[in-house]
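Notes follow once the structure below has been shown.
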């Protein structure tokens with residue numbers, strides 16, 4: 001019960017209505033019909049204090065129910081601040097759910113190089129909406145009442161939203177995968193949600209990333225360093241690579257002796273649209289021949305990515321004019337190469353073994 | 001000294017006769033909710049609960065014992081008037097008969113008259 005004294009007929013009526021908010025809308029409207037007028041009349045009759053004249057709104061609502069032959073509310077006696085299954089609440093929850101799912105879809109789409117289209121997002125939102133209202137209908141027809149109905153609704157709605165969100169994510173995943181992924185990528189061999197994920201860096205700032213310029217252009221390593229820093233990696237100053245000859249295809253190496261370096265390397269490769277990743281052996285192909293202080297990951301920047309923005313890199317990767325799984329060095333032994341699909345977020349990458 | 005709460009019992013008593021008195025209050029003339037409250041209070045049921053009357057009107061209407069129609073008011077919003085339907089009048093007649101029998105029996109018991117005769121009437 002509210003401790004505030006309703007000072008006007010309108011407020012009193014509103015509070016009475018709030019205590020009946022669990023009723024179906026038509027029943028609520030019908031039982032409240034004309035009551036605000038009545039309360040105003042009682043005030044006009046010389047009884048300005050409606051609580052003194054009619055009792056508390058809660059008691060009034062309870063009397064109305066009893067006399068009208070409507071069962072008392074099961075769960076809320078004495079706990080009026082508890083959840084009320086009103087239309088306002090469900091509308092609010094609905095909007096919130098749509099918002100959250102939309103956000104999730106937007107995040108997924110962004111991680112997949114911005115390929116999701118507005119139509120897909122709307123389709124997901126629609127699916128969630130339908131799931132929600134079906135749930136509501138089922139619960140309302142189920143004959144549960146009061147607190148039980150609230151709990152059942154909540155549980156069912158949550159389940160429905162989760163299902164719809166997962167379906168939506170799969171749909172978006174598939175849709176974006178339909179756009180002819182280039183052969184160098186692992187889309188064909190990786191099954192979303194079922195493949196063995198490589199150890200994704202839980203903290204991809206733990207190991208610093210260095211960019212080494214192995215391209216034929218000057219000053220491009222600094223630009224790439226900035227891109228990686230913008231994506232959230234911790235970077236060290238770029239350096240010149242010692243690749244001879246210069247390389248066309250960028251790839252990532254990591255220090256096997258550094259905990260978490262492989263995961264960070266995979267994440268770098270994924271962010272850049274899918275590069276090959278391999279362990280680096282000393283001397284690595286940077287000026288000093290060694291890992292920089294605090295760094296266990298080096299991006300050897302080739303002509304393919306030199307001087308390009310992240311957007312251009314991802315566009316290029318999607319266009320198929322970009323092969324990422326070139327294993328460098330003719331004498332290199334077979335290495336375990338983690339290929340990260342540009343389509344999938346790094347979480348769903350697979351480990352495949354390729355020859356040199 | 002035992003503490004007695006007559007209010008509570010009276011509330012219980014009123015609950016049992018709400019349908020009858022609300023129907024009766026509308027038997028002579030149609031009225032809106034507040035009319036019915038006022039008529040019942042003027043008739044001696046000073047403590048009848050406003051909400052009980054409104055709730056009863058809604059329920060009797062739902063049962064088809066009352067008709068309702070809206071009359072525009074000079075002072076402001078509309079008022080919902082209620083009147084008895086044919087089945088409302090039948091129900092009122094039944095209530096009257098039942099109440100008379102009940103009141104007679106209770107009256108006789110409380111006054112002691114009921115126990116002056118050899119046979120005690122079964123008031124069930």
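The values are calculated or read from the model by the stated rules, or taken from the named source; none is laboratory data. On a predicted model such as this, the values are computed, not experimentally measured, just so you know. Cβ atoms come from the backbone with ideal geometry, glycine included; neighbour counts cover every protein chain shown.
Give the stretch A:29-49 a look and list any residue that's more than 10 Å from chain B (Cβ to nearest Cβ) and in contact with a helix residue (DSSP H, G or I) (Cβ under 7 Å, 6 or more places away or on another chain), or say none.
Narrowing the stretch A:29-49 to residues more than 10 Å from chain B (Cβ to nearest Cβ): A:29, A:43, A:46-49.
Passing the criteria: A:43, A:47.
Pick out the one residue from A:307, A:260, A:289 that is farther than 24 Å from residue A:319 by Cβ, surrounded by fewer than 24 Cβ atoms within 10 Å (Cβ to Cβ) and at pLDDT 85 or above. Steps first, please.
On the way: A:307 fails: farther than 24 Å from residue A:319 by Cβ; A:260 fails: at pLDDT 85 or above.
Every option except A:289 fails the conditions.
Please specify each residue of the stretch B:45-63 satisfying the condition of being within 18 Å of residue A:29 (Cβ to Cβ) and facing chain A (nearest Cβ under 7 Å).
Within the stretch B:45-63, B:51, B:54, B:55, B:58, B:59 qualify.
Across the stretch A:209-237, what is the total count of residues that are in contact with a strand residue (DSSP E or B) (Cβ under 7 Å, 6 or more places away or on another chain) and assigned to a helix (DSSP H, G or I)? Before the answer, list the steps.
In the first step, residues of the stretch A:209-237 are kept if they are in contact with a strand residue (DSSP E or B) (Cβ under 7 Å, 6 or more places away or on another chain); the result is A:209-215, A:220-221, A:224-225, A:228-229, A:233-236.
Next, from what is left, pick out any that are assigned to a helix (DSSP H, G or I): A:220-221, A:224-225, A:228-229.
Of the residues in the stretch A:209-237, 6 are in contact with a strand residue (DSSP E or B) (Cβ under 7 Å, 6 or more places away or on another chain) and assigned to a helix (DSSP H, G or I).
What number of residues in the stretch B:66-102 are assigned to a helix (DSSP H, G or I) and buried (at least 16 other Cβ atoms within 10 Å of the Cβ)? If you could, list the steps in order and put the result at the bottom.
We begin by selecting, within the stretch B:66-102, every residue assigned to a helix (DSSP H, G or I); these are B:86-102.
Going one step further and asking which of them are buried (at least 16 other Cβ atoms within 10 Å of the Cβ), we end up with B:88, B:91-92, B:95.
Residues meeting the conditions: 4.
Provide a single number: the residues in the stretch B:64-87 that are more than 11 Å from chain A (Cβ to nearest Cβ), in contact with a helix residue (DSSP H, G or I) (Cβ under 6 Å, 6 or more places away or on another chain) and modelled with pLDDT under 90.
0
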